[in-house]
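Derivation of every value follows stated rules applied to the coordinates shown; laboratory data play no part. Because the structure is predicted, anything quoted here is derived from the model rather than measured. Neighbour counts are summed over all protein chains in view; Cβ atoms, including those assigned to glycine, are modelled from backbone coordinates with ideal geometry.
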Amino acid sequence: MNRAKGKSFFATAIVLLFCTLVLGVTEGQNNQPTVSFTTVPAPPKAYQLFNIILIVEINPQHIFPEVYGWFSVLDRSRSNETVYGPESWILQTWTSTGAKSWIFTGLSLPPGDYFLWTDVWWSYQGSPELNTTYSDMLITIEPSAPPGGSYSIEWLKPTSFDKPFHAGRTIKIGFSVFDSDGNFKRDESVNVTVTDGSGTKVFTAVYGEGENPVRIKDSTECYIVYWKTEKSLSGDYTITVTFADAQAENAQDTLTIRA
């Protein structure tokens, strides 16, 4: 009788151990990276600059904290017709479960439907084997009024300096705007926006309105706006200049702020 109970207990233990191993392997395999996309602004307008934010979330207890891939924008048919990219990206150094983002800036597309597409490569903790999957999302570029003109932008110092700025400082953003003939262009529909690495707006200014409006100085042929930064800011920030009825080349510049 005791021997029978012993055999039964041993068999039960083996079954429980097997189930634990199977569930553990299955759980690890199901912990794939979660991938999503966001467009800024949303929805994008035709012929106007917009950014795409790739967001990846992992559990570093199961996945080695380095995930990478190649991002492209494809036409609606998902054929080999690539309208943007491929452009590589890599996200690293997760210390806890959460999301990290990679931003692709300065896209401009005609109206229509497109697929945002990326492959994703990763490995599980303790395994050298690479795993791959892909993620995509359909977006619609809404029609907008065709550009009434074509401008080019020249960034002025100190915005174009490569050295980082200190948080809490007032940054002078200056640029000149020229038409297709190379003449200075005064356009009061100007809009200056600053976004952080996640695409969130941290500053915006227009001509003649608000506490820090954009000023147009015809005598020196430049546009000026002052951005009073907060002491909590840190990282890379993108400045974007847009106009209501014109498309501008070199319309983005990037600066770094350190706390």
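Miscellaneous remarks
- Mean projected area of the convex hull spanned by the Cα atoms of the range 172-228, taken over all viewing directions: 4.7 nm².
- Cross-link pairs beyond the 19 Å C-alpha cut-off, checked among K201/K228; K185/K228; K163/K185; K157/K201; K100/K228: K185/K228; K163/K185; K157/K201; K100/K228
- Inter-part distance where the range 100-128 and the range 33-70 are each reduced to a Cα centre, Å: 6 Å
- Amide hydrogen neighbours beyond the local backbone of F64, cut-off 5 Å, H modeled: S123, Y124, Q125
- In this structure, T93 and T170 have a Cβ-Cβ separation that, at R0 = 45 Å, corresponds to a calculated FRET efficiency of about 0.90.
- Zero-based 10 Å bins, Cα pair distances in the range 94-158, whole percents: 12, 28, 26, 20, 12, 2
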